[in-house]
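Colleague: Please see the structure below; I have some questions.
The values are calculated or read from the model by the stated rules, or taken from the named source; none is laboratory data. Keep in mind that what you see is a predicted model, and the values were worked out from it rather than measured. Cβ atoms come from the backbone with ideal geometry, glycine included; neighbour counts cover every protein chain shown.
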Amino acid sequence: MNHQDNFDFAIMTAVDDEHEAVLKAFKFCHKDKVLIENRIYWQKNIQTKLGNNYSLVVAQSLDMANVSSAILANNIIHHFHPKVIFLVGVCAGRENKVEKGDILLAEEVYYYERGKQTEKGFEPEPKMHSADAGLIDFIRNLPKTTIPNCKTHDGSMKRPKMVRGVIGCGEKVIEDPESWNQLLQHHRKIVAIEMESHGLASAIWEYSQDSKFIVIKAVMDYGVPPKDDRWKPFAAKAAALYIKNIINNDPFYSQNGIAQKIEENKLPPKGKLANHGNLPLGSRLEFIRNSNFTGRESDLMELANHFLYRPKEENNSEVSSIFLTSGIGGIGKTQLAIEFCFRYGRFFQGIHWIQADQDVEPQIADCGYRMGLTPWPEKLSDQVNSTIRTWEADNNRLIIFDNLESSEVLQKWIPRMRGIMVLATSRRDQWPSEMNIRTLPINVLNNVESREFLRNIAPRLNKVDDQVVDILSDRLGYLPLALYIAANYLNERKTFSVEQFLKELDERGKGISHTALSNWQQKIGPTHHVQNIIATFDMSWALLGESIEDKAAKIIAVAAGYCAPNIPIPPSIFYGLEEEGNKEIIEKALNRLYQVGLLILGSQSFPYIHSLITEYTRLQIGSSKDLKKIISVFVVLSHNALSTKLPELMYPYLEHMKQIIFWTDNGDFPEIGIVCGNLGIFFRQLTQFKDSLFYLEDSLEITTNNYGEDHPIVAICLKNLAAVLQDIGDPVGAKQRIERALEIDINAYGKDHPEVATDLNILVGISRQLGDLVGAMQHFERALEITNKSYGNYNLTDDIGRNNYLADVHKDLSDLREIVKDEQSLLINLVQYDQSTGVLRWKDVHQRLKSEVLRSVRYKRDLSLILMVLMLPNNKDISGRKLTTLEGQIIEVILNNLRKDLDILFIGEKIGIILPETTETSAQILALRLIDKIFRGLRAEVAVGIASVPKDAVTEDKLFDQAELALRFAISSDQSVIPASRLCA
């Protein structure tokens, strides 16, 4: 062992009696003495009764003073790097509080000499040092037999008491009652005084982040005359033997002995989450740790990095270090701060919690009272000043301002807290730049965290399928407060299934108004906040006043409630709500909504809104007039986007248009029919005919209900619908709609109106499509007649125009000869499909896959491809007939689990599934479900390979190759499912 080793323990003493008692207790001999830089140290290895070995170094300071103590501590830290430094020896005890010989375990060191002399007298500015909380906790729980039974000066045996408390430290020996009285006015909890502990604590704070200190001293006198040293040898021996017994108890449950316990109270390496621990003595935190706290590891480490891993000079600046966690109500800001305190609080000198939405002054004063500050002033203002001065002097305390929504609170208090570390929680994420605030936006839990959180609170959900629990999490927007309330509700209603709960939540008009989320939980939660979703959002709404900006903010919030949640909302939607088109007012209103936590500022400076807040703001709708204004904005935006003939201009509004249609298509707002119609036309431009038909039929129904069956607008809806029916090869349906539109237009405008000619021209094309060439000719002639009446002779009236059209008709007649050829082509196409299953054959999938990949890449949508093969054991003989039957049963299982008219199944050498708008994760979930159902139902095993766009490929060939590669790996590695992305990881 040399002096550059990292030692486990160091023991410091000040006077000869103390030093000799320690050397004797640990049986040091001459060979253990070493000389380093003209100072003598005693070092050796010691073994505990459990057989663990520790290294120990002992040294004596040159004088019993703080300066000498600090110098010695610095030298020990430099040469030996000990994990723990014990200061052992004798002290003067407080009469009537301790007896001579009692052993003092110092929980805190109070340095009382610091201050300034004024005209009014001495004003103390004391310094407090806290001993290591983990070691204090261990020592106080040791059995009483750890305290040695020693012989006193009169020959009797005595086992002293162990007393825990505050030890006062100064620069001079005290020997009179008046000095004691003055000292106790400064701090009423002092039980003993000495002259070395401040030097030790200061050296460790200044020079070592790794060492901990403990002060153990025994009482030799009371610091009053007459001076009596008879108890000094007993006190020195008792303290030395007590330290020996502490180490010999080997309390730290690992082969490394004390190292593990020290590790728990040592700041872990950056990037590693700290374990839970005790709070420092004198802290103010009214909450217990929430055992159900889930996730947030990255947020906790972000806070730790800011407060604990920055260079000391940054934390010691004159400007307060304010770190603010922001997010909507119910997202868990307070809970995160509490968890941080219980994980990292022991690395601060104190944790002091203040509710910023309540009166701050008495709370600061209460912090000082709990710290045991003395003398304790009578006036509240003096109590506050004394507390803040101590915070500034200690410079390693964390002040928490919870629910900080007012900048006035910061402007009042932060200038008074120079260099103090402040953690705040707030709905606001935007603050004046001059306040030097760093913000950490808090997000909702992810899917896995939400599932774990729900099951922690409601254990019966462990028996519920993951997918069902995930659906519940998604329905509640992964918001921790909503998850907490719902889990408690399900936990208490044990016969009420999750499926029933989801069904009730999805009923219109319920949602957050459901009993579970509004008034089921009457009790206050772990953060003392109300457990009610509506009441939580009410707090944000109440922050909006009656100013122009706040009134506009309320309208915007309601409008956002009719938009799609968790998707960026183009601000242009909100600009249309301001009658005068004043963008400045709208932008100020948006900032107010960010401040109160009703909207969230996302990427590209676009706001978005949480799903539960959409339900809340829809409840705040003032009148149908306000909603009509919102719908009118979408009418204008959709019309403008369509008129450009550029479909991509519609994309930012697409999901929001779908959402407002969903919430307003009850027939009360005819304008929503126009939005539906525009959306239907948009999907027709994209050749997404299924979606186009859905919205055009919705538009027709809404328009008919509002205007009646014979209104010209209904005719427009019919014509839009007919165009799509023509596109998808349903000319019969198209003809029915156009003929009805023609009837309406004739009744509305008269039989010779140009609009009637338009209808007839559409009928011309449909008739030709049906092969009714005679009818097509009649419609054409009638349309031509109306046009001539309305506009005079037009180009089509000359012989060239008319003959050109007739030539087209004759061409149609000649095309009839090709019908036989077309029928033959149809027969060929029929062969592309398996006649027993109706599933697309393998050889014809390439073109379909190509079109799906192109659409996915163009419109930035997910797409996944599954390839599957049946795995037959090598030793299993199965006939071709049985194999065909089994494959047919597998296909039936797959078809029953696919989305109708969206997912595409094909067969051949392998079974394949094209999954539009499906992520790799969702494809894996489907694959696992299919594997399970195939095995349970058919006792057959399959292997699956998955590839996705754009994660693995952006072309159909590459996508197919990646899925093939994943499938081969699944087969060779005997795994059921392999995504291609795993092969690249």
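Colleague: Residue 718: over 39 Å from the mean Cα position of the chain (by Cα) and surrounded by 17 or more Cβ atoms within 10 Å (Cβ to Cβ), yes or no?
Modeller: It is true that residue 718 is over 39 Å from the mean Cα position of the chain (by Cα) and surrounded by 17 or more Cβ atoms within 10 Å (Cβ to Cβ).
Colleague: So the check is Cβ under 8 Å with 6+ separation or different chains; which pairs have a first residue in the stretch 928-945 that's within 18 Å of residue 963 (Cα to Cα) and a second one that's hydroxyl-bearing (Ser, Thr, Tyr)?
Modeller: If the second residue must be hydroxyl-bearing (Ser, Thr, Tyr), the pairs left are 928/976; 931/976; 942/976; 943/976; 944/976.
Colleague: Which residues, counting only those in the stretch 19-62, are more than 18 Å from residue 83 (Cβ to Cβ) and of a type in the set (Ser, Thr, Tyr)?
Modeller: Passing the criteria: only 61.
Colleague: Of 239, 235, 218, which residue is aliphatic (A, V, I, L, M), touching a residue at least 60 places away in the same chain (Cβ under 8 Å), under 16 Å from residue 149 (Cα atoms) and assigned to a strand (DSSP E or B)?
Modeller: Residue meeting the stated conditions: 218.
Colleague: Could you list, in sequence order, all residues of the stretch 636-685 that are β-branched (Val, Ile, Thr) and under 25 Å from residue 722 (Cβ atoms)?
Modeller: Across the stretch 636-685, the qualifying residues are 644, 661, 672, 674, 675, 681.
Colleague: Another question, if that's okay. Which of the numbered conditions does residue 48 fail, given that it passes all the others? Conditions: (1) assigned by TED's automatic domain parsing to the domain that holds residue 202; (2) out of contact with any Phe, Trp or Tyr (no Cβ under 9 Å at 6 or more places or on another chain); (3) modelled with pLDDT under 80.
Modeller: Condition not satisfied by residue 48: (2).
Colleague: Across the stretch 188-246, which residue is nearest to residue 373 (Cα to Cα) among those that are modelled with pLDDT under 90 and polar (S, T, N, Q)?
Modeller: So, considering only residues that are modelled with pLDDT under 90 and polar (S, T, N, Q), the one nearest to residue 373 (Cα to Cα) is 202.
Colleague: Scan the stretch 1-17 and give yes if some residue there is of a type in the set (Val, Ile, Thr), in a helix (DSSP H, G or I) and closer than 30 Å to residue 229 by Cβ, otherwise no.
Modeller: No: zero hits.
Colleague: Next question. Identify the single condition in (1) part of a loop (DSSP other than H, G, I, E, B); (2) crowded, with 18+ Cβ neighbours inside 10 Å; (3) not small (Gly, Ala, Ser) that residue 163 does not satisfy, given that it satisfies every other one.
Modeller: Unmet for residue 163, out of (1) part of a loop (DSSP other than H, G, I, E, B); (2) crowded, with 18+ Cβ neighbours inside 10 Å; (3) not small (Gly, Ala, Ser): (1).
Colleague: I'm trying to understand the selection: among the residues of the stretch 69-128, which are of a type in the set (Ser, Thr, Tyr) and crowded, with 17+ Cβ neighbours inside 10 Å?
Modeller: Once the filter is applied, which keeps residues that are of a type in the set (Ser, Thr, Tyr) and crowded, with 17+ Cβ neighbours inside 10 Å, the stretch 69-128 yields 69, 110, 111, 112.
Colleague: Select the helices (runs of 4 or more DSSP H) contained entirely in the stretch 346-430, then report the ones holding at least 1 residues which are under 20 Å from residue 336 (Cβ atoms) and of a type outside the set (Lys, Arg).
Modeller: Output list reads 407-413.
Colleague: Could you list, in sequence order, all residues of the stretch 43-67 that are assigned to a helix (DSSP H, G or I) and crowded, with 18+ Cβ neighbours inside 10 Å?
Modeller: Matches in the stretch 43-67: 66 only.
Colleague: Would you point out the residue of the stretch 897-928, among those that are over 28 Å from the mean Cα position of the chain (by Cα), outside any strand (DSSP E or B) and at pLDDT 85 or above, that is surrounded by the fewest Cβ atoms within 10 Å (Cβ to Cβ)?
Modeller: 897
Colleague: Right, next: Looking at (1) assigned to a loop (DSSP other than H, G, I, E, B); (2) at pLDDT 75 or above, which is the only condition residue 508 fails?
Modeller: (2)
Colleague: Sticking with this structure for a sec: Looking at (1) under 26 Å from residue 233 (Cα atoms); (2) at pLDDT below 85; (3) part of a strand (DSSP E or B), which one does residue 142 not meet, given that it meets all the others?
Modeller: For residue 142, the failing item is (3).
Colleague: Kindly list the number of the only condition in (1) in contact (Cβ under 8 Å) with a residue 60 or more places away in the chain; (2) under 28 Å from residue 505 (Cα atoms); (3) in a helix (DSSP H, G or I) that fails for residue 614.
Modeller: (1)
Colleague: Also, I was wondering about something else. Do we find a residue being closer than 27 Å to residue 658 by Cβ and assigned to a helix (DSSP H, G or I) anywhere in the stretch 735-750?
Modeller: Yes; the residues of the stretch 735-750 include at least one that is closer than 27 Å to residue 658 by Cβ and assigned to a helix (DSSP H, G or I).
Colleague: Can you find even one residue in the stretch 109-122 that is within 20 Å of residue 201 (Cβ to Cβ), out of contact with any Asp or Glu (no Cβ under 9 Å at 6 or more places or on another chain), assigned to a helix (DSSP H, G or I) and aromatic (Phe, Trp, Tyr)?
Modeller: No, every residue in the stretch 109-122 fails to be within 20 Å of residue 201 (Cβ to Cβ), out of contact with any Asp or Glu (no Cβ under 9 Å at 6 or more places or on another chain), assigned to a helix (DSSP H, G or I) and aromatic (Phe, Trp, Tyr).
Colleague: Follow-up. If I go through the stretch 929-980 residue by residue, how many of them are among the polar types (S, T, N, Q), outside any helix (DSSP H, G or I) and more than 27 Å from residue 859 (Cα to Cα)?
Modeller: Counting residues in the stretch 929-980 that are among the polar types (S, T, N, Q), outside any helix (DSSP H, G or I) and more than 27 Å from residue 859 (Cα to Cα) gives 3.
Colleague: Kindly evaluate residue 307 against the criterion of being under 22 Å from the mean Cα position of the chain (by Cα), among the aromatic types (Phe, Trp, Tyr) and modelled with pLDDT of 85 or more.
Modeller: The answer is yes for residue 307.
Colleague: Collect the residues in the stretch 545-577 that are under 13 Å from residue 654 (Cα atoms) and either part of a helix (DSSP H, G or I) or assigned by TED's automatic domain parsing to the domain that holds residue 476 (or both), keeping them in residue-number order.
Modeller: Passing the criteria: only 573.
Colleague: I would also like to ask the following. What are the residues in the stretch 119-145 that are over 26 Å from residue 210 (Cβ atoms) and among the hydroxyl-bearing types (Ser, Thr, Tyr), if any?
Modeller: If the condition is that a residue be over 26 Å from residue 210 (Cβ atoms) and among the hydroxyl-bearing types (Ser, Thr, Tyr), then 145 is the only one that fits.
Colleague: From the residues in the stretch 432-467 that are β-branched (Val, Ile, Thr) and at pLDDT 85 or above, which one is surrounded by the most Cβ atoms within 10 Å (Cβ to Cβ)?
Modeller: Result: 444.
Colleague: Mind listing whichever residues of the stretch 1-38 are modelled with pLDDT under 90 and in contact with a strand residue (DSSP E or B) (Cβ under 7 Å, 6 or more places away or on another chain)?
Modeller: Across the stretch 1-38, the qualifying residues are 1, 3, 5, 7, 8, 32, 33, 34.
Colleague: Any idea which residue in the stretch 211-246 is surrounded by the most Cβ atoms within 10 Å (Cβ to Cβ), counting only those that are in contact with a Leu (Cβ under 9 Å, 6 or more places away or on another chain) and of a type in the set (D, E, K, R)?
Modeller: 217
Colleague: Any residue in the stretch 60-72 that is modelled with pLDDT of 90 or more and in contact with a Phe, Trp or Tyr (Cβ under 8 Å, 6 or more places away or on another chain)?
Modeller: Within the stretch 60-72, none of the residues are modelled with pLDDT of 90 or more and in contact with a Phe, Trp or Tyr (Cβ under 8 Å, 6 or more places away or on another chain).
Colleague: Can you tell me which residues in the stretch 665-715 are in a loop (DSSP other than H, G, I, E, B) and more than 43 Å from the chain's Cα centre (by Cα)?
Modeller: Residues satisfying the conditions are 708, 709, 710, 711.
Colleague: Conditions: (1) in contact with a Gly (Cβ under 8 Å, 6 or more places away or on another chain); (2) assigned to a strand (DSSP E or B). Residue 328 meets all but one. Number of the miss?
Modeller: That leaves (2) as the condition not met.
Colleague: For the stretch 369-395, which positions are within 34 Å of the chain's Cα centre (by Cα), without any contact (Cβ under 8 Å) to a residue 60 or more places away in the chain and closer than 17 Å to residue 108 by Cβ?
Modeller: The answer is 391, and nothing else.
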